[in-house]
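What follows draws every value from the coordinates through simple rules; no lab data is involved. Every value quoted in this text rests on a predicted model; they were computed, and no experiment measured them. Heads up, the Cβs are rebuilt from the backbone with ideal geometry, glycines too, and the neighbour counts pull from every protein chain shown.
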Amino acid sequence: MGTEKLKPIVRNKIKKEGVRDLILFNDDFNTFDFVIETLIELCDHDAIQAEQCAFLIHFKGKCAVKSGAFHDLKPIQQEMLNRSLTASII
């Protein structure tokens with residue numbers, strides 16, 4: 001048998017090149033219902049996923065609501081900003 005050391009695989013740290021996250025931040029102005037409706041409309045979430053994201057945003061301060069290429073996320077982010085939500089792409 002060989003004496004090679006195997007390197008651990010770190011799957012949760014590996015991201016496809018060019019894949020970004022759209023982050024939605026908590027605020028004190030918009031309602032849960034508004035955020036949920038926006039996530040369903042703009043991010044194609046189902047009601048349960050949108051509600052879970054809304055709770056994460058409320059309790060953790062932010063949540064990655066969609067992943068994809070920058071050019072796909074940018075119009076969604078802009079529409080969120082137009083709706084007075086705080087969102088960024090990282």
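Of all aspartates and glutamates in the structure, those lying under 16 Å Cα to Cα from residue 62, and not within fewer than 8 positions of it along the same chain, are 21, 27, 28, 51. For the pair residue 64 and residue 27, what calculated FRET efficiency results from E = 1/(1 + (r/R0)^6), where r is the Cβ-Cβ distance and R0 = 22 Å, to the nearest 0.05? Efficiency computed from Cβ-Cβ geometry: 0.85.
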